[in-house]
Each structure stands twice: as C-alpha cells, then as structure tokens.
Amino acid sequence: MTKTAPKSSAAFAHVYADKTILLTGHTGFKGAWLSEWLLSLGAKLTGYSIDCEEPSLFNQLQLTKRMRDIRGDVRDLAVVTDLVAQLQPAFVFHLAAQPLVRQSYIDPVETFTTNVTGSINVMEAIRVSDHPCAVVMVTTDKCYENREIAHAYEETDPLGGHDPYSASKAAAEIAIGSYRKSFFAVQKPPRVALASARAGNVIGGGDWAEDRLVPDAIRALENDQEIGVRNKHATRPWQHVLDPLSGYLTLGAALSAAIDLKSDPKIVREVCSAFNFGPHSESNRNVASVVDELLKHWPGKWIHRTDGAAPHEAGLLNLNIDKANRVLAWRPVWNFEEAVAQTVSWYRKTNGGDETLLLTQQQIAQYQSDAASRGLEWARS
C-alpha cells in the first residue's frame, strides 16, 4: 500500500470547511469514521462522548490529537448546555447512544436514559442557546414497529420496539418530532433546522464491539477459530459505514441551506424531518449470506449455534430509501459485495501491520471517488 495520505475530495468541503461542529459519540465506531471524514474536510471539530473501550478505532486513528476531545455523558444536561453555549456550533451531529440490542436487555435503564434523555438534552441545549444550527439526530432502522413482514419501512410507518434498544430509539424519535414541531418549526425562517437519520446495519473496519456479527467473525478468524453464528436466517439491510455517513453529511448540508433560505418553504419542511439511509434492496441479506461473503476474502469456517435462552431480536428488517433519494438526491454507493470486501480488507491489512489512519483515509477517498464516478451529486460538489 502506498505510504502517502490521499488527497481530500472537494465533496462537502464547501459546506463544512472551517465550520464549528459538535459531534456527540465521537469515540464510537461510526463517530470515529465521521470524525475522520469531517477532519479531512477542514472542519473545526469538537467531540463529546464517554470513554471508549479498547480496542477502539478512535484511539487507533489517534483522533484525540487532531480534534477537540471532551469526555462526558449526554445525560448531564448542565454540561451539554454549557458546551453548546460555549461552542455555538454551526452543525451538531448527535450519535451518542447505547447502540447494542443485547446490552439493552442487560441494562435497560442505561439504554433508555442514554438514548432518550441524552437526545432530549442535546436538543434542549440547542433550544436555549437559540443560535443558527443544523442538527442531525441519529437513531436507527430498528425504531419502527417491526411486523416481521417483507415490507420496506418508510419514514411515515408506525414507531415501536420489542427490545429496550429499539423502543428507546422509537421514543427518541417521538421526542425529536416533538422538539421540531414545538420549538424549531415555528421559527420562520428556521434558526434551528433539525432532522433525524435512521440507518441500517452498518459494517466497516474498526468495529470492535461485542455481540456484533462482523467483529465477532473477525475475532474468530484472527484466532483460527470457527465463527459462531446465531440467527442465521435473520435478514438486515447491510451497508458500509460510509454510506449512512454520506447521508448524514448530505442531510446536514440540506439543513444548513434551509437556514440560509436557499430552499423554498416546502423543501424546508421536507428536509426538517426523518430520513432512512439504507442500502439498495439487493443488499438485504440474511446473516448466513454475510458470513459466506466474508469468507470469500478471509478463508475460514462457521457453525450455527442456537441459543434457546437468547433474548428476542428482529428476524426481518428492510428500509425504503426513496425519500432520501427524492428530497436529498442521496443514494448508497457501495453494494453488498463491495461493502464486505472493503470491510475485510481493512481488518486484514491492519492485522498485517499497515497504518490504520492511512488505510482509513484511503477508504474514505476511494468511497468519494466511486461516488463521483457513479454520478452522485454530493460527490461532485
């Protein structure tokens, strides 16, 4: 691999360069990837999050040396309010969360307070600050009332959740809608433009969480062990982490334009709403298919391990992304096979000693290049 850092694409740079940005959850998997992307765009980035467990992509990328890194809990309203008042950010990306379904059964109170109260605290801090701000509140595709049918959920479908994680994200979406309608939508033009983003199951290099399919598989392969697979028939909308992140950045740009009166009132109303950011329908695969695809790039074996005592997890989930395409001109870039190949490549090359930062930067650059070559509007901007 070439030992020179890739040149940053011009994509999004006109929106985020030199802008003050607050990113909650920056020490997490998606947060670290988004931090790296925003830094490549020249953003003035501040992160607010709890400490990360090791190993962590955040520390592998040495992000604490390259951005303002503040540790704290989004459940602390006073601290969050002071931080927003101090920064007066032009953009807020709220990613901080308890993100694991199985962990939500172990500690449901932490899950609900982090995911619901934490989200409310971020919005309340922005409300009382009352400065112009584009706000992307990240939730999940699991916020829908899952009927376990072959239906691609649309943003207008009912919210719900069997497990505490899914229910907490549905509750967060209700709170987000309330704040938007009660406090932000009444401003003409909006000083605060707020939207929520619901992504599918993300994969990508640097995810080290327990009880996630790909990280568990990588750990097994690194130790020459069989991959233990549960719920092999469960179907999810799998996507590389850079796909939803490009959606968040596209949405942030549209929200900023709404504040700057670059959109007509109808478009402003549509942008200040909820959006699904998922893969194309052909990337909806079952767990067994994901592992089989992974083993094409890293030979090994897997075994199905049933667990009768395991808590309930959704068996079928699918997202409709027509709204994101229609309103934001957004669509995913890497298909299922590309997403898996890029993910395995990241783990195999870092496992072999290549520099993690350089490899991550190269994948971001490759993603932007592929987006431009496939005609995506944001990649040409």
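Annotation: Cα Rg of segment 119-243 relative to the compact-globule expectation 2.2 N^0.38 Å equals 1.32. In this label model, H280 and T113 are separated by 4.5 nm, measuring between points 7 Å along each Cα→Cβ vector. Using a 1.4 Å probe over the heavy atoms of the protein chains, calculate the carbon and sulfur portion of the accessible area of the chain as a whole percent. Ligands and nucleic acids excluded, carbon and sulfur give 50 percent. Seen through its C-alpha gyration tensor, with square-root eigenvalues sorted a ≥ b ≥ c, segment 1-133 comes out oblate because a/c lies at 1.5 or above while a/b is not bigger than b/c.
Relative to one another, the C-alpha centroids of segment 119-162 and segment 23-87 are positioned 21 Å apart. In plain terms, the chain from K232 to A329 could stretch by 31.5 nm, reckoned as 0.36 nm per residue minus the Cα-Cα distance. Sorted from longest to shortest, the spans of the Cα atoms of segment 61-121 along the three principal axes equal 35, 29, 17 Å. Approximating the spin labels as points 7 Å out from Cα along Cα→Cβ, the I303-to-R102 distance works out to 1.7 nm.
Taking the DSSP beta bridges with both ends in segment 118-267, the antiparallel portion is around 10 percent.
Per residue, segment 155-241 exposes 38 Å² of solvent-accessible protein surface, assessed with a 1.4 angstrom probe and all protein chains in place. For the pair segment 89-103 / segment 204-245, the C-alpha centres are spaced 20 Å from each other.
Maximal additional length on extending the H131-K266 stretch stands at 46.3 nm, based on 0.36 nm per residue less the C-alpha distance. Here the spin labels are modelled as points 7 Å beyond Cα on the Cα-Cβ line, and at T156 and R71 they lie 4.7 nm apart. If R₀ is 35 angstrom, what is the calculated FRET efficiency for the pair E338 and S178, using the beta carbon separation as r and rounding to 0.05? It comes out at approximately 0.35. Against the chain, whose longest principal axis comes from its Cα atoms, helix 242-259 is set at around 10 degrees. Labels on offer are (1) 22.7; (2) 20.9; (3) 22.1, and the one holding Kirkwood radius over Cα pairs in Å computed from this structure is (2). By the helix-only formula, in which each DSSP H run with n ≥ 4 contributes -39500 (n - 2.57) and the sum is divided by residues, the chain has a 222 nm mean residue ellipticity of -12000 deg cm²/dmol.
The values are calculated or read from the model by the stated rules, or taken from the named source; none is laboratory data. A quick note: this is a predicted structure, and the numbers were derived from the prediction, not measured. Positions of Cβ are backbone-derived with ideal geometry, glycine not excepted, and every protein chain shown enters the neighbour counts. To get the accessible areas, we keep the full protein, side chains included, count just its heavy atoms, and leave off ligands, DNA and RNA. Shrake-Rupley method; radii C 1.70, N 1.55, O 1.52, S 1.80 Å.
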